[in-house]
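The values are calculated or read from the model by the stated rules, or taken from the named source; none is laboratory data. What you see is a predicted model; the values in this text were computed from it and never measured. A quick note on method: Cβ atoms are made from the backbone with ideal geometry, for glycine too, and the neighbour counts reach across all protein chains shown.
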Amino acid sequence: MRLALQSAGLGGLNWVFAGRVRPCHLSKALFMPFTSLGLSPALLRAVSARAFLTPTAIQAAAIPAVLQGRDVLASAQTGSGKTAAFALPLLQLLQQAPTEKPRRVRLLVLVPTRELAAQVGEEIRSLGQHLPPALKVAIVFGGVSINPQMMNLRGGADIVVATPGRLLDLTEHNAVVLSGVAALVLDEADRLLDLGFADELSRILALLPTQRQNLFFSATFPPAVQALANQLLREPIHIDAPAEPEGEPDITQRAIAVDPGRRTQLLRHLITHHAWRRVLVFVATKHAAEIVADKLRKARIYAEPFHGELSQGKRTQVLADFKASRVKVVVATDVASRGIDIAQLPVVVNYDLPRSAQTYIHRIGRTGRASASGLAVSFVSADTEAHFRLIEKHQGVSLPLEQVEGFAPLQTAPNVAPSDSDAPSKGGIKGKRPSKKDKLRAAAAAAGDSQGD
Ligand code: AMP
């Protein structure tokens, strides 16, 4: 059912209908202090410098188990505190083992994207900064020159955080040797497989010693992911970070009906009318990211595109400018939907709807972090409404399709091709889904966006 609310703009709308979701689980283990988990003073110092007061649920469960040398199978989302959950105990185990010269890689963390590699690597560095002896963390990913990474690996590294493709390149250049790896972490295992890294993973696994500790983190467990977990893990402890109300993101979802060709105008209107100061806009393609950002800039709204065809340097710059409020709007492909932690991001806009409900969760989960409340707005046209209803159903929410005065849609019939779309729309629509092969190709292309091969 379409429930149209007329309004002079979103500010005048009744918020009663807005749905709330809890996409991530930064749930706390109540009353348990970090000091009870068996971590060394150097690690506790880093934890307190980061202002982590109490362990999250996944940290409380994983840290003691990992310290005992157990394998771990964790169902965890970005935002659950999973990085510290594996980094803290593994840093401690490394610290306790005698250091060798030259350094040998003893901890390998495999991640699906460049951004996640940088983020996870920095977090490990930060948590390990007070350790004696100092441990060297090398971060490697594709899309940038291999030479500085080879130089950095001279003299070895204790910890390597890597995307699979570039790691294999480096092993082929003999820049890194994996025969001394004592612990392996697969982070976002479902996404590693989604992005077509299965072959690379098998080749990397063949280079590792069979005796090692394995930690497996994934947000979802489709059969291929489960099979990989079964292959890797030995009597793992299972952790399912529960959703608890406390500390969870507070995200208000809204849906606005608009014709495809008027989305950029509506976006401009919302940004100026509500004085939104930092907005992440998701579009379906790199081309759309460029076009929408360009149009916003022409309207004097400082916007930048963010997608996989930009150099790594440019992407890092855009994110830094966004965080420093030098850029107000980032128009991104799904490169930015997972793994990136932008604190203080009040608004996310789905200019194009995501293909899947899972991606929707990851997209809107960019807002409402660090105890702030967030707003996720989706633009829905007659053509995409059925798809939006499926996404809603998956969330267990039902949102009214709101209308903003001056932007009431004219198109009503489903499957009417947008006549004057100002950016190509490729949001998935039921009945038009591509084959499995197409999807893998599209995922690889989108990840080309992001993956570090
Ligand atoms: P992650 O799920 O590892 O991506 O972590 C999500 C965010 O939570 C990161 O910004 C972490 O720095 C932060 N974080 C991790 N553990 C805690 C904790 N115990 N208390 C507060 N924040 C945390």
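Quick grid of which residues meet (1) buried (at least 19 other Cβ atoms within 10 Å of the Cβ); (2) acidic (Asp, Glu); (3) not assigned by TED's automatic domain parsing to the domain that holds Ala62:
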| site | (1), (2), (3) |
| --- | --- |
| Ala134 | no, no, no |
| Gln149 | yes, no, no |
| Arg166 | yes, no, no |
| Val177 | no, no, no |
| Val181 | yes, no, no |
| Asp190 | yes, yes, no |
| Gln211 | no, no, no |
| Thr220 | no, no, no |
| Asn230 | no, no, no |
> Consider Glu115 against the criteria (1) surrounded by 19 or more Cβ atoms within 10 Å (Cβ to Cβ); (2) under 22 Å from Val72 (Cβ atoms): it satisfies all of them except one. Which criterion is unmet?
Replying inline: (2)
> When you go through Arg50, Arg45 one by one, which is the residue that is closer than 16 Å to Gly79 by Cβ, at pLDDT 50 or above and not β-branched (Val, Ile, Thr)?
Replying inline: Arg50
>> Can you tell me which residue is modelled with the lowest pLDDT among those in the range 358-373 that are surrounded by fewer than 21 Cβ atoms within 10 Å (Cβ to Cβ) and away from the ligand (no atom under 12 Å from the Cβ)?
In response: Ala372
> What number of residues in the range 265-289 are crowded, with 18+ Cβ neighbours inside 10 Å and under 24 Å from Arg355 (Cβ atoms)?
Replying inline: 12
> Limited to the range 240-257, what total is found for residues that are of a type outside the set (Val, Ile, Thr) and either outside any loop (DSSP other than H, G, I, E, B) or modelled with pLDDT of 75 or more (or both)?
Replying inline: 6
> For the range 366-405, what are the residues that are assigned to a loop (DSSP other than H, G, I, E, B) and polar (S, T, N, Q)?
Replying inline: Thr367, Ser371, Ser381, Thr384, Ser398, Gln403
> Restricting the search to the range 50-96, which residues are on the phi > 0 side of the Ramachandran plot and within 14 Å of the ligand (Cβ to nearest atom)?
Replying inline: Ala51, Gly79, Gly81
> Got at least one residue in the range 269-282 being over 19 Å from Pro305 (Cα atoms) and of a type in the set (Lys, Arg)?
Replying inline: no
> Which residues, taken from the range 97-123, are among the hydrophobic types (A, V, I, L, M, F, W, C), over 25 Å from His238 (Cα atoms) and within 16 Å of the ligand (Cβ to nearest atom)?
Replying inline: Ala118
> Just checking, which of Leu135, Leu131, Leu88, Leu127 is farther than 21 Å from Pro55 by Cα and in contact (Cβ under 8 Å) with a residue 24 or more places away in the chain?
Replying inline: Leu135
> Of all the strands (runs of 3 or more DSSP E) wholly in the range 151-239, which have at least 3 residues that are at pLDDT 95 or above and in contact with an Asp or Glu (Cβ under 9 Å, 6 or more places away or on another chain)?
Replying inline: 213-218
>> For the range 77-112, which positions are buried (at least 20 other Cβ atoms within 10 Å of the Cβ) and of a type in the set (Ser, Thr, Tyr)?
In response: Thr78, Ser80, Thr83
>> within 25 Å of Leu390 (Cα to Cα), at pLDDT 75 or above and out of contact with any helix residue (DSSP H, G or I) (no Cβ under 8 Å at 6 or more places or on another chain): is that true of Arg355 in this structure?
In response: yes
